[in-house]
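Below is one structure, written out as structure tokens; comments come after it.
The values are calculated or read from the model by the stated rules, or taken from the named source; none is laboratory data. Values in this document were obtained by computation on a predicted structure and should not be read as measured data. Here the Cβ positions follow ideal geometry from the backbone for every residue, glycine too, while neighbour counts run over all protein chains shown.
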Amino acid sequence: MSEDSKNAKKTRKKAAGFSEAEQAAMKERAKELKAGKSREAGESALLEKIAEMPEPERSMATRLHEIITASAPQLAPKTWYGMPAYTKDGKVVVFFQSAHKFESRYATIGFNDSARLDDGNMWPVSFALVELTAAEEAKIIEMVKRAVG
């Protein structure tokens, strides 16, 4: 058996423990890492992912992109495990998780630990998002501004 065949067999065995969704997420992540670090490439990849989303998530993600880039222009758009995300100093601050992609009841907007949302000993970092009204937009703008400090 050739060395390439042995390596391929090992890879299949390792991958067998992951679901199709997990394998797809790993491939997405590898693709994102290879894509480079330019703001333009990141935004292009993010807009591609948004375009693939079904409605109403596509509209929500598009509006979130507008809100986040306007209220925190220092955040760099990119994809993160196939999700729209926004980074500061290379760390994901905020991201949008599609309900459709994760077969969930609702989409979410989430903040990673690099977001400066600390409030005592416990605070929310993920929010269900069913519809974007002016009230939700105002809350998101306030949180995003606070998250980037």
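Report whether or not residue 51 is in contact (Cβ under 8 Å) with a residue 24 or more places away in the chain and small (Gly, Ala, Ser). When the stated conditions are applied, residue 51 does not pass them. Count, please, the residues in the stretch 59-112 that happen to be touching a helix residue (DSSP H, G or I) at 6+ places or on another chain (Cβ under 9 Å), among the small types (Gly, Ala, Ser) and either surrounded by fewer than 18 Cβ atoms within 10 Å (Cβ to Cβ) or outside the structural domain of residue 48 (by TED's automatic domain parsing) (or both). Residues meeting the conditions: 2. In the stretch 78-91, the condition of being farther than 29 Å from residue 26 by Cβ and modelled with pLDDT of 95 or more is met by no residue.
State yes or no: is residue 114 under 24 Å from residue 27 (Cα atoms) and in a loop (DSSP other than H, G, I, E, B)? No; evaluated as a whole, the condition is false for this residue. Within the stretch 128-149, the residues that satisfy the criterion of being of a type in the set (A, V, I, L, M) and either in a loop (DSSP other than H, G, I, E, B) or surrounded by 15 or more Cβ atoms within 10 Å (Cβ to Cβ) (or both) are 129, 130, 132, 140, 141, 143, 144, 147, 148.
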